[in-house]
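So the structure is just underneath, and the comments pick up after that.
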Amino acid sequence: MRYTALVMKAAMRANFRSPAVAAVIAGVALMCAAGLAVLFGTLFIRPEVARAAPDRSVLENHVGLVMFATSFVCIGIYASVFTFQSLTREKDRGCIQALLATPVAPRDVWLGKSLGVFLPGLAFAVVTTLAAFLGVSYTYLIPDIGFIITPWMIITSFVAVPLVYLAMTLVVHLVGLTGRPATGNVIAQVFLPVMMSLMINLAVRKVPSAASWVFTVALLGVAAAAGIIVLLLRSKLTAERITLSR
Amino acid sequence: MTAAIHLDGIRKRLGAREVLKGVTFDVETGDIFGYLGPNGAGKTTTIRILLGLLRADSGKLDVLGSDIALAGTRMKIGFVLDPDGLYDSMTGMENLRYYADIYGVPGAGAGIDRVLGLVGLADRAGDRVGTYSKGMRQRLSLARAMVHNPEVLILDEPTAGVDPTGQIEIRRILLDIAHAEKKTVLLSSHNLDEVQRICNRVAIIDRGQIRLYGELEELRQTMGRSSIVIETGAAAADSVLEDLRRQPGLGFREARGTSLLFEGGEGAAEVSDIIAFLTGRGVKIEGAGRREASLEELYSSILQEAEGP
């Protein structure tokens, strides 16, 4: 655990030292999140609030979608860009090979680097999701309706989505460390829009609602599937495979 | 003397190619051991196996009497790899502190200051490594290798890509480390001059096999071809060279500019006989002497032998 923590701290420090990249990531993620909030707010939430008897379940679904999408976009963009950047750079420059020549085990490098990307992404996603929730609430819901929030919306945005991305970050790092970082990047780049648009499409059709337990469980299922992939691939994580991969 | 590094019959296949074919050698405690070979000979693969980055398919390997797979063994090894594995976005000091933390160096600050002083980077320690020259990066790599005060240093091409002044500086640092700090050093290099200057023992690897191994001086004496060198005022005429070739007893080897080289080992002609032969053909002699075989000559002859006729 000590080595994992050291690798994680170094990964965070290295990522925060790329202010231009961090600014671009934050900018893109915030634009996406704001766009989604405005889109759902204008197209779905405002008309529903304007009705004589607003349907609370519709509002829950759309506020839940805003929270889910914001959390997913923020953590997803942060994780995929920094994973690719750090893996490519550190493999090219021999940083990972050098670490493996010390008492640090391949598992420590993998976990440390994954957490080094995941945890700041999680913090960024939590703050942005809370901001999106408050923004939508104060713009469209308060004072007429009040806050619209359910436990499943909270669990989806702050537990299920992070778990999906924790598992995906582990998969992408595993693939990137033992193979080509570009392959891991392709997985991350495809997963983000496909998964997000799939979940949004399902929720807009209310099969299931973004505020329901089914939505949460579906995401936890995706996290579990990615977790199983991690378990299956874990045996490939050897110093030799990492050293010989490009 | 005990072997700090012991390799016995190490074999390694990478894909279809057998990269190491039974590599065997010992690096004794206190040695500065030169590990030489052309590109693709198997040097880096050997070093990666020694550092636990690759696993040997067969054979026996231990460092300081222990298995390299053990974390405790790795604590006793410092290394320089190519590429260097330094973090460009961190300062020199931060790079060293990171590795000091990994090795669990108590009171790392003093140790870091010591190695920075040793490699002459104390005044640039606060700068980002991305701003360092190649020579400075290599010196920082050496400092990193030393930060936990290891017993063994394994260095892969520590002067590669460094300008001549930087190479001299790194060689000086290496000698300081090896002698003053009493470290065992395994140095992989293409640079024969460098190895000749600082190493006491060498191994030459070619196509996965050790072709030559032992004390450098001993090898020079037993395997090297010492030469008699005759300095002439001007390049010898072709007719003189033809005459020399017709006299096998003189052991004429080759002409290099105004120098004529003759076999100088056991059973070679007397210098006086050679001089008499040359002056008899009107060649002006400016000097004569014996020269021991250089590592370069040894290296070339070993590799030529391995190529076969």
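The values are calculated or read from the model by the stated rules, or taken from the named source; none is laboratory data. These numbers come from a predicted model, not from an experiment. Quick reminder, even Gly has a Cβ in these numbers, built from the backbone with ideal geometry, and neighbours come from all protein chains shown.
Please determine, by comparing only the residues of the stretch A:209-246 that are away from chain B (no Cβ under 14 Å), without any contact (Cβ under 8 Å) to a residue 12 or more places away in the chain and of a type outside the set (A, V, I, L, M, F, W, C), which one is nearest to A:Leu100 (Cα to Cα). Selected residue: A:Ser235.
Quick grid of which residues meet (1) β-branched (Val, Ile, Thr); (2) touching a Ser or Thr at 6+ places or on another chain (Cβ under 9 Å):
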{"position": "B:Asp123", "(1), (2)": "no, no"}
{"position": "B:Gln138", "(1), (2)": "no, yes"}
{"position": "B:Leu142", "(1), (2)": "no, no"}
{"position": "B:Met146", "(1), (2)": "no, no"}
{"position": "B:Asn149", "(1), (2)": "no, no"}
{"position": "B:Val152", "(1), (2)": "yes, yes"}
{"position": "B:Ile170", "(1), (2)": "yes, yes"}
{"position": "B:Arg197", "(1), (2)": "no, no"}
{"position": "B:Ile205", "(1), (2)": "yes, yes"}
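Answer with yes or no whether B:Leu241 is assigned by TED's automatic domain parsing to the domain that holds B:Ile275 and assigned to a helix (DSSP H, G or I). Considered against the rule, which asks whether it is assigned by TED's automatic domain parsing to the domain that holds B:Ile275 and assigned to a helix (DSSP H, G or I), B:Leu241 comes out as yes. Selection of the stretch B:138-158 for residues being charged (D, E, K, R) and surrounded by fewer than 22 Cβ atoms within 10 Å (Cβ to Cβ) yields B:Glu151, B:Glu157. How many residues are surrounded by fewer than 16 Cβ atoms within 10 Å (Cβ to Cβ) and more than 15 Å from A:Val204 (Cα to Cα) if we restrict to the stretch A:19-45? Residues in the stretch A:19-45 being surrounded by fewer than 16 Cβ atoms within 10 Å (Cβ to Cβ) and more than 15 Å from A:Val204 (Cα to Cα): 12 in total. Does B:Val105 count as of a type in the set (A, V, I, L, M) and over 25 Å from B:Ser189 (Cα atoms)? Here the answer is yes, as B:Val105 does meet what is asked.
Select from the stretch B:183-236 the residues that are acidic (Asp, Glu), surrounded by fewer than 20 Cβ atoms within 10 Å (Cβ to Cβ) and at pLDDT 85 or above and list them in ascending order. The answer is B:Glu231, and nothing else.
Comparison of A:Leu220, A:Leu232, A:Leu174 shows that the only residue that is under 26 Å from B:Thr45 (Cα atoms) and among the aliphatic types (A, V, I, L, M) is A:Leu174. Among the criteria (1) under 25 Å from B:Ala100 (Cα atoms); (2) away from chain B (no Cβ under 14 Å); (3) surrounded by fewer than 19 Cβ atoms within 10 Å (Cβ to Cβ), the one A:Ala105 does not fulfil is (2). Being more than 10 Å from chain A (Cβ to nearest Cβ) and acidic (Asp, Glu) holds for only one residue in B:Asp84, B:Asp67, and it is B:Asp67.
Just to be sure before I move on: is A:Ala105 modelled with pLDDT of 90 or more, farther than 21 Å from A:Val230 by Cβ and of a type in the set (Gly, Ala, Ser) in the structure I sent? Lay out the reasoning, then the answer.
Working: modelled with pLDDT of 90 or more: yes; farther than 21 Å from A:Val230 by Cβ: no; of a type in the set (Gly, Ala, Ser): yes.
No, not satisfied.
Suppose we filter the stretch B:8-30 for residues that are surrounded by 19 or more Cβ atoms within 10 Å (Cβ to Cβ) and either more than 12 Å from chain A (Cβ to nearest Cβ) or touching a Pro at 6+ places or on another chain (Cβ under 9 Å) (or both); how many remain?
Going through the stretch B:8-30 one residue at a time, the tally reaches 5.
Any chance you could count how many residues in the stretch B:249-267 are out of contact with any Leu (no Cβ under 9 Å at 6 or more places or on another chain) and closer than 18 Å to B:Ser226 by Cβ?
Here is the first cut: in the stretch B:249-267, the ones out of contact with any Leu (no Cβ under 9 Å at 6 or more places or on another chain) are B:249, B:251, B:256-259, B:261, B:264-267.
With the extra rule that they be closer than 18 Å to B:Ser226 by Cβ, the set shrinks to B:249, B:251, B:256, B:259, B:261, B:264-267.
Count: 9.
Being farther than 23 Å from B:His190 by Cβ, out of contact with any His (no Cβ under 9 Å at 6 or more places or on another chain) and surrounded by 14 or more Cβ atoms within 10 Å (Cβ to Cβ) is the requirement here; does B:Thr46 meet it? Don't jump to the end; show me each part of the working.
Working: farther than 23 Å from B:His190 by Cβ: no; out of contact with any His (no Cβ under 9 Å at 6 or more places or on another chain): yes; surrounded by 14 or more Cβ atoms within 10 Å (Cβ to Cβ): yes.
No: the conditions fail for B:Thr46.
The residue that is nearest to B:Ile49 (Cα to Cα), counting only those in the stretch B:132-174 that are touching a strand residue (DSSP E or B) at 6+ places or on another chain (Cβ under 8 Å) and assigned to a helix (DSSP H, G or I), is B:Ala145.
Picking from residues in the stretch A:22-56 that are in contact (Cβ under 8 Å) with a residue 12 or more places away in the chain and not hydrophobic (A, V, I, L, M, F, W, C), the one that is farthest from A:Phe84 (Cα to Cα) is A:Pro54.
Within the stretch A:79-100, at least one residue is away from every other protein chain (no Cβ under 14 Å), crowded, with 23+ Cβ neighbours inside 10 Å and of a type in the set (Ser, Thr, Tyr). Only a single criterion out of (1) within 17 Å of B:Pro158 (Cβ to Cβ); (2) within 12 Å of chain A (Cβ to nearest Cβ) is not satisfied by B:Ala56, namely (1).
Inspect the stretch A:58-78 for any residue being within 14 Å of the chain's Cα centre (by Cα), β-branched (Val, Ile, Thr) and under 30 Å from B:Glu94 (Cα atoms) and give the result as yes or no. Looking through the stretch A:58-78, at least one residue is within 14 Å of the chain's Cα centre (by Cα), β-branched (Val, Ile, Thr) and under 30 Å from B:Glu94 (Cα atoms).
Just for helices (runs of 4 or more DSSP H) wholly inside the stretch A:95-178: which have at least 3 residues that are charged (D, E, K, R)? Let's see the steps before the verdict.
Numbers: elements: A:95-100, A:106-136, A:151-155, A:161-178.
Helices (runs of 4 or more DSSP H) meeting the threshold: A:106-136.
Only a single criterion out of (1) buried (at least 18 other Cβ atoms within 10 Å of the Cβ); (2) within 14 Å of another protein chain (Cβ to nearest Cβ); (3) touching a residue at least 40 places away in the same chain (Cβ under 8 Å); (4) not in a loop (DSSP other than H, G, I, E, B) is not satisfied by B:Phe33, namely (2). For the stretch B:88-132, a residue qualifies if it is hydroxyl-bearing (Ser, Thr, Tyr) and modelled with pLDDT under 90, and exactly one does: B:Ser89.
Yes or no, residue by residue, for (1) more than 23 Å from A:Ser18 (Cβ to Cβ); (2) surrounded by fewer than 23 Cβ atoms within 10 Å (Cβ to Cβ); (3) over 13 Å from the mean Cα position of the chain (by Cα):
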{"residue": "A:Ala123", "(1), (2), (3)": "no, yes, no"}
{"residue": "A:Val126", "(1), (2), (3)": "no, yes, no"}
{"residue": "A:Ala132", "(1), (2), (3)": "yes, no, yes"}
{"residue": "A:Leu141", "(1), (2), (3)": "yes, yes, yes"}
{"residue": "A:Gly146", "(1), (2), (3)": "yes, yes, yes"}
{"residue": "A:Met153", "(1), (2), (3)": "yes, no, yes"}
{"residue": "A:Leu163", "(1), (2), (3)": "yes, yes, no"}
{"residue": "A:Thr169", "(1), (2), (3)": "no, no, no"}
{"residue": "A:Pro181", "(1), (2), (3)": "no, no, yes"}
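Taken over the stretch B:270-303, the residue count meeting the criterion of being in a loop (DSSP other than H, G, I, E, B) and farther than 11 Å from B:Ile230 by Cβ is 6.
Out of all the residues in the stretch B:74-101, which are surrounded by 20 or more Cβ atoms within 10 Å (Cβ to Cβ) and in contact with a Pro (Cβ under 7 Å, 6 or more places away or on another chain)? Matches in the stretch B:74-101: B:Arg74, B:Ile77, B:Gly78, B:Val80.
The residue of the stretch A:190-208 that is farthest from the other protein chains (Cβ to nearest Cβ), among those that are touching a residue at least 40 places away in the same chain (Cβ under 8 Å) and in contact with a Phe, Trp or Tyr (Cβ under 9 Å, 6 or more places away or on another chain), is A:Val204.
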